[in-house]
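The values are calculated or read from the model by the stated rules, or taken from the named source; none is laboratory data. Everything numeric in this text was worked out from a predicted model, so none of it was measured. A quick note on method: Cβ atoms are made from the backbone with ideal geometry, for glycine too, and the neighbour counts reach across all protein chains shown.
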Amino acid sequence: MVNELLTNTLRHPNLGAAVYVDLGCGKSCAECSASVFQVAVPEYSQRVVNLTIQHLGGSCKTVEHGQKVVEQQLHYTNQFKREPTSISKLIVGTQCGGSDLWSGVTANPSLGVASDMFVKAGAAVLLPENPELQGAAMIDLARRARTRAVGKS
(Lines give C-alpha, C1' and ligand atoms only; values in the text may rest on other atoms or scores of the structure.)
Protein backbone atom coordinates (compact mmCIF):
# COMPACT_ATOMS: atom_id res chain seq x y z
CA MET A 1 0.00 0.00 0.00
CA VAL A 2 2.70 2.51 0.98
CA ASN A 3 4.84 1.64 -2.04
CA GLU A 4 1.80 2.08 -4.31
CA LEU A 5 1.06 5.45 -2.69
CA LEU A 6 4.67 6.59 -3.14
CA THR A 7 4.78 5.37 -6.73
CA ASN A 8 1.57 7.19 -7.61
CA THR A 9 2.81 10.34 -5.89
CA LEU A 10 6.08 10.20 -7.80
CA ARG A 11 4.16 9.76 -11.07
CA HIS A 12 2.13 12.91 -10.51
CA PRO A 13 2.54 15.34 -13.42
CA ASN A 14 3.05 18.31 -11.09
CA LEU A 15 6.06 16.73 -9.39
CA GLY A 16 9.33 17.99 -10.82
CA ALA A 17 11.58 16.14 -8.38
CA ALA A 18 11.49 14.59 -4.93
CA VAL A 19 13.77 13.88 -2.03
CA TYR A 20 12.56 10.85 -0.10
CA VAL A 21 13.95 10.75 3.45
CA ASP A 22 13.99 7.34 5.05
CA LEU A 23 15.20 6.35 8.51
CA GLY A 24 16.45 3.04 7.16
CA CYS A 25 14.75 0.55 9.43
CA GLY A 26 11.12 0.84 8.32
CA LYS A 27 8.95 -1.57 6.37
CA SER A 28 8.97 0.51 3.20
CA CYS A 29 11.93 2.40 1.90
CA ALA A 30 12.42 3.91 -1.52
CA GLU A 31 15.93 2.50 -1.67
CA CYS A 32 14.56 -1.05 -1.39
CA SER A 33 11.78 -0.26 -3.87
CA ALA A 34 13.90 1.57 -6.43
CA SER A 35 13.21 -1.02 -9.12
CA VAL A 36 9.46 -0.44 -8.71
CA PHE A 37 9.92 3.32 -9.02
CA GLN A 38 12.32 3.08 -11.96
CA VAL A 39 9.72 1.18 -13.97
CA ALA A 40 6.81 3.39 -12.87
CA VAL A 41 8.43 6.82 -13.06
CA PRO A 42 10.12 8.22 -16.18
CA GLU A 43 13.55 9.72 -15.52
CA TYR A 44 13.48 8.24 -12.01
CA SER A 45 17.16 8.82 -11.30
CA GLN A 46 16.90 12.50 -12.25
CA ARG A 47 13.66 13.13 -10.37
CA VAL A 48 13.84 11.09 -7.18
CA VAL A 49 16.64 10.83 -4.64
CA ASN A 50 16.41 8.64 -1.56
CA LEU A 51 18.27 9.74 1.55
CA THR A 52 18.60 7.13 4.28
CA ILE A 53 19.41 8.74 7.63
CA GLN A 54 21.12 5.66 9.08
CA HIS A 55 23.35 5.28 6.01
CA LEU A 56 24.32 8.96 5.90
CA GLY A 57 25.35 9.15 9.55
CA GLY A 58 22.45 10.92 11.24
CA SER A 59 19.93 13.69 10.81
CA CYS A 60 22.35 16.63 10.50
CA LYS A 61 24.41 14.93 7.78
CA THR A 62 21.19 13.95 5.98
CA VAL A 63 19.99 17.57 5.98
CA GLU A 64 23.37 18.77 4.66
CA HIS A 65 23.34 16.13 1.93
CA GLY A 66 19.70 16.89 1.14
CA GLN A 67 20.48 20.57 0.55
CA LYS A 68 23.13 19.58 -2.00
CA VAL A 69 20.71 17.16 -3.68
CA VAL A 70 18.02 19.84 -3.99
CA GLU A 71 20.53 22.22 -5.60
CA GLN A 72 21.46 19.48 -8.09
CA GLN A 73 17.81 18.78 -8.90
CA LEU A 74 17.09 22.41 -9.70
CA HIS A 75 18.60 22.13 -13.20
CA TYR A 76 16.07 19.41 -13.99
CA THR A 77 13.02 20.99 -12.40
CA ASN A 78 13.68 24.50 -13.71
CA GLN A 79 13.09 23.33 -17.29
CA PHE A 80 9.37 23.00 -16.57
CA LYS A 81 6.95 25.87 -17.01
CA ARG A 82 5.24 26.82 -13.77
CA GLU A 83 1.62 27.90 -13.81
CA PRO A 84 -0.16 29.55 -10.91
CA THR A 85 -3.21 27.88 -9.47
CA SER A 86 -5.46 28.34 -6.49
CA ILE A 87 -4.38 26.75 -3.22
CA SER A 88 -7.99 25.60 -2.90
CA LYS A 89 -7.08 22.85 -5.40
CA LEU A 90 -4.36 21.52 -3.10
CA ILE A 91 -5.01 18.37 -1.09
CA VAL A 92 -2.28 17.55 1.42
CA GLY A 93 -2.16 13.93 2.56
CA THR A 94 -0.23 12.88 5.64
CA GLN A 95 1.12 9.49 6.62
CA CYS A 96 2.39 8.52 10.06
CA GLY A 97 6.00 7.42 10.00
CA GLY A 98 5.67 5.72 13.37
CA SER A 99 4.81 7.34 16.67
CA ASP A 100 7.25 7.50 19.52
CA LEU A 101 7.44 9.26 22.88
CA TRP A 102 8.48 12.53 21.20
CA SER A 103 5.80 12.65 18.49
CA GLY A 104 3.41 14.57 20.73
CA VAL A 105 5.92 17.38 21.32
CA THR A 106 7.74 17.53 17.99
CA ALA A 107 6.25 16.23 14.75
CA ASN A 108 2.56 16.28 15.64
CA PRO A 109 2.39 19.94 16.73
CA SER A 110 4.38 20.92 13.64
CA LEU A 111 2.01 18.95 11.43
CA GLY A 112 -0.94 20.59 13.18
CA VAL A 113 0.38 24.12 12.62
CA ALA A 114 1.18 23.39 8.97
CA SER A 115 -2.26 21.80 8.48
CA ASP A 116 -3.98 24.82 10.01
CA MET A 117 -2.03 27.13 7.70
CA PHE A 118 -2.98 25.11 4.62
CA VAL A 119 -6.66 24.98 5.60
CA LYS A 120 -6.75 28.70 6.43
CA ALA A 121 -5.37 29.38 2.93
CA GLY A 122 -8.09 27.21 1.35
CA ALA A 123 -6.41 23.82 0.92
CA ALA A 124 -7.66 20.49 2.27
CA VAL A 125 -5.61 18.34 4.64
CA LEU A 126 -6.15 14.64 5.26
CA LEU A 127 -5.11 13.23 8.64
CA PRO A 128 -5.89 9.53 8.13
CA GLU A 129 -4.29 8.23 11.32
CA ASN A 130 -5.67 10.52 14.00
CA PRO A 131 -5.43 7.83 16.74
CA GLU A 132 -1.67 8.06 16.13
CA LEU A 133 -1.63 11.77 16.97
CA GLN A 134 0.01 11.48 20.37
CA GLY A 135 -0.43 14.68 22.30
CA ALA A 136 -3.61 15.62 20.43
CA ALA A 137 -6.13 13.98 22.77
CA MET A 138 -7.42 17.34 23.95
CA ILE A 139 -8.23 18.45 20.41
CA ASP A 140 -11.64 17.53 19.04
CA LEU A 141 -10.62 16.97 15.42
CA ALA A 142 -14.18 16.10 14.37
CA ARG A 143 -15.29 19.63 15.25
CA ARG A 144 -12.63 21.01 12.93
CA ALA A 145 -13.74 19.02 9.86
CA ARG A 146 -15.07 20.85 6.83
CA THR A 147 -18.60 19.54 7.38
CA ARG A 148 -20.39 17.70 10.19
CA ALA A 149 -20.71 14.61 7.97
CA VAL A 150 -16.94 14.53 7.38
CA GLY A 151 -16.35 14.92 11.11
CA LYS A 152 -18.55 11.92 11.88
CA SER A 153 -16.87 9.64 9.33
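Some notes on this structure:
- Residue check: Ser33 meets all listed conditions (1) more than 26 Å from Val125 (Cα to Cα); (2) modelled with pLDDT under 90; (3) exposed (fewer than 15 other Cβ atoms within 10 Å of the Cβ) but one, namely (3).
- Failed item, numbered, when Trp102 is tested on (1) of a type in the set (A, V, I, L, M, F, W, C); (2) outside the structural domain of Tyr20 (by TED's automatic domain parsing); (3) in a helix (DSSP H, G or I): (3)
- Some residue of the stretch 70-85 being modelled with pLDDT of 75 or more, farther than 20 Å from Ala17 by Cα and among the β-branched types (Val, Ile, Thr): no
- If only residues of the stretch 118-142 that are at pLDDT below 75 and not in a loop (DSSP other than H, G, I, E, B) are counted, the one that is farthest from Thr94 (Cα to Cα) is Ala142.
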